[in-house]
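**Student:** Quick one: the structure is below, questions incoming.
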Amino acid sequence: MGVVRRINEWTLEKIEEGKYAIKKRKEKKAEIITNDYIPPNNPLNTLNPMIDRIEVNNFSEAEKEFKKYAKNYDQNPLKF
């Protein structure tokens, strides 16, 4: 759907209602899921064990997690 926040080379992109992707240089690093997200009938289609999944209550908390994730990743990329 589009970029909703940007910090340097990091972006928070809205995938669908309640589901966001954290990307660094267009490479997905994590997903943020809010209470607004309605999963598909087959949740196995959306699982990716290589991507961190962060669950929050709303978009405001998603923004905070995005900022925290980008900061922590830049400080210690080997930890992720």
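The values are calculated or read from the model by the stated rules, or taken from the named source; none is laboratory data. Source: prediction; values computed, not measured. Because the Cβ atoms are built from the backbone with ideal geometry, glycine has one as well, and the counts that use them run over all protein chains shown.
**Student:** Which one of these is at pLDDT 95 or above and in a loop (DSSP other than H, G, I, E, B): 41, 48, 57?
**Tutor:** Being at pLDDT 95 or above and in a loop (DSSP other than H, G, I, E, B) holds for just one of 41, 48, 57, which is 57.
**Student:** Need pairs with beta-carbon distance below 9 Å; first residue farther than 15 Å from residue 23 by Cβ and surrounded by 14 or more Cβ atoms within 10 Å (Cβ to Cβ) and within region 63-78, second modelled with pLDDT of 95 or more and of a type in the set (Ser, Thr, Tyr); sequence gap 6+ or separate chains.
**Tutor:** Close Cβ pairs satisfying both conditions: none exist.
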